[in-house]
Amino acid sequence: MSLPILQIVRRPGIIDLGWGHPDPELLPSVALKRATAQALDYFGAQALQYGFPAGPGPLIEWLTGRINEREGRATSSDEIMITAGNSFALDQVLTHCTLPGDTVLIASPTYHLAVRILQDHPVSLVPVPTDQGGLRIDVLGTILSNLRAKGHRAKVLYTIPTYDNPTGVCLEDERRRQLVQLATVEELLIIEDDVYRDLAYNGPAPPSLWSIAPPGVVARLGSFSKSLAPGLRLGWLTAGRSLVSKLAHSGLLDSGGGINHFTALVVTIVCQSGDYDAQIKHLCSAYRERRDSLLHALESHLPEGCSWKAPAGGFFVWLELPSKTNTAILRSYAESQGVGFMPGNIFHLDDRGKNCLRLAFTLYGPAELEEAARRLGMALRNFR
Ligand SMILES: Cc1ncc(COP(=O)(O)O)c(C=O)c1O
């Protein structure tokens with residue numbers, strides 16, 4: 001028996017909308033093959049050496065230019081660095097910004113595997129509820145005051161304000177301003193997971209918290225996982241100078257000569273050549289069509305009492321089912337009917353979200369999404 005290569009396990013007969021993975025057909029293998037050869041031609045042996053700890057200059061320069069142009073926030077080269085993607089960056093920020101016993105606030109529901117990363121650290125997690133407008137800033141204010149009354153101070157907040165995983169929601173503009181203001185006053189570091197920013201289907205994404213906050217308040221994590229390919233393990237972060245300096249001068253990056261240096265130079269070529277922007281355009285058009293197919297099919301096939309909000313970007317649709325439905329139990333019945341999803345309880349620290357589920361519309365084409373919605377509708381009607 002050969003050992004596995006991939007995280008995903010495909011089960012014959014099941015259209016599994018539980019996986020938040022891209023369709024292999026949409027991955028830019030031709031552009032990456034070309035860029036790999038060009039990186040070796042252009043950078044020569046420099047591509048194969050230990051790299052600069054903060055990441056190779058040409059990629060930092062390209063990213064800085066793009067952020068300045070798209071987000072209207074002048075970013076200097078000491079406020080940005082290359083990472084191995086958002087999972088790595090989240091782990092590193094927590095390593096360098098928290099101490100054992102610190103309180104970390106997390107939006108709830110939130111990306112379940114970010115919770116796993118947070119739980120690798122000896123911090124205590126406090127959920128902050130969200131609604132259709134994103135994080136509840138009023139409740140966050142109360143939580144912070146209650147903590148203070150008990151002599152505690154929360155150090156960090158982890159949130160996905162743009163095309164959230166799992167809900168697809170964007171934090172409302174007014175709440176973005178309120179959040180940044182509150183964090184500034186409370187000296188709370190916001191970790192803004194911005195992994196879906198480039199996958200915007202209804203016009204430009206809202207401003208990042210990073211772009212509207214005073215320096216040092218937000219560490220924004222960006223990744224090439226969703227826009228190019230997750231197997232690259234490459235991303236970047238923008239944060240205050242002192243945090244970037246702390247991370248870039250860590251033993252990890254000093255010893256390793258940066259992170260994924262060769263990959264970063266290949267991606268530099270993809271970005272400089274225009275292939276990155278072409279890929280984003282291609283993905284947005286494919287994912288927009290898939291999102292619309294799924295939403296249309298849900299309208300046609302789901303029974304009364306189910307609700308959802310159309311996401312303006314990202315990978316996911318979040319469904320709310322009648323309150324008595326337990327999606328953790330529904331899941332195995334639905335799979336026996338040929339459709340998979342992620343049950344809502346997985347994205348919460350407490351027992352909320354039991355009647356919710358997450359569907360990803362990125363792994364399958366429109367016809368399979370339509371069939372998945374039909375099977376889900378049948379499963380919901382027949383489930384006892
Ligand atoms: C919100 C969120 N953050 C981070 C990740 C993982 O990012 P990376 O591949 O850059 O580690 C994902 C992947 O699903 C995600 O949805």
Protection proxy ranking of 293-302, 339-348 - average other beta-carbon atoms within 10 Å, highest first: 339-348, 293-302
From the Cα centre of segment 301-370 to that of segment 171-213, the distance in Å is 26 Å
What does the charge dipole of segment 319-361 about its Cα centre add up to, to the nearest 20 debye, if the Cβ of each Lys and Arg holds +1 and the Cβ of each Asp and Glu holds -1? 40 debye
Just name one of PRO12, ALA219, THR110: the one whose Cα is farthest towards the positive end of the charge dipole of the chain (beta-carbon charges, Lys/Arg +1, Asp/Glu -1). PRO12
Could you give the size of the charge dipole of the chain about its Cα centre, using +1 on the Cβ of each K and R and -1 on the Cβ of each D and E, expressed in debye and rounded to the nearest 20? 620 debye
Pseudo-spin-label distance GLU61 to SER124, built 7 Å along Cα→Cβ, given in nm, is 5.0 nm
Any chance you could run the full-extension gain for ASP292 through PHE383? It's 0.36 nm times the residue separation minus the Cα-Cα distance, nm to one decimal. 30.1 nm
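Leaving out ligands and nucleic acids, note down the accessible area per residue over the chain with a 1.4 angstrom probe, in whole Å².
44 Å²
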Furthest towards positive pole of dipole, TYR201, CYS170, ILE190, structure part segment 165-205, Cβ charges: TYR201
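For THR142 and GLU304, compute 0.36 nm times the residue count separating them, minus their Cα-Cα distance, and round to one decimal in nm. Write out the running numbers ahead of the final one.
Numbers: separation 162, 0.36 × 162 = 58.32 nm, distance 3.61 nm.
Stretched out fully, the THR142 to GLU304 stretch lengthens by 54.7 nm.
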Over 26 Å between Cα atoms: which of LYS155/LYS246; LYS226/LYS309; LYS150/LYS246; LYS33/LYS281; LYS150/LYS354 fall into that group? LYS150/LYS246; LYS150/LYS354
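Mean 1/r over all different Cα pairs, inverted: what Kirkwood radius does segment 106-167 give, in Å?
Kirkwood hydrodynamic radius for segment 106-167: 12.4 Å.
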Using a 7 Å offset from the Cα along the Cα-to-Cβ direction at both ILE280 and ARG153, what is the distance between the two label points in nm, to one decimal? 3.7 nm
With a ≥ b ≥ c from the Cα gyration tensor eigenvalues, square-rooted, and the rule rounded for a/c under 1.5, otherwise prolate when a/b > b/c and oblate otherwise, the chain is oblate
Kindly state, to the nearest 0.05, the FRET efficiency for ALA45 paired with ASP254, given R0 = 22 Å and r defined as their beta-carbon distance. 0.55
Under a plain spin-label model, where a point goes 7 Å from the Cα along Cα-to-Cβ, how far apart in nm are ASP351 and ASP173? 4.2 nm
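The values are calculated or read from the model by the stated rules, or taken from the named source; none is laboratory data. On a predicted model such as this, the values are computed, not experimentally measured, just so you know. Glycine gets a Cβ as well: all are built from the backbone with ideal geometry, and neighbour counts include every protein chain shown. Note: areas computed on protein heavy atoms with side chains; ligands, DNA, RNA excluded. Shrake-Rupley method; radii C 1.70, N 1.55, O 1.52, S 1.80 Å.
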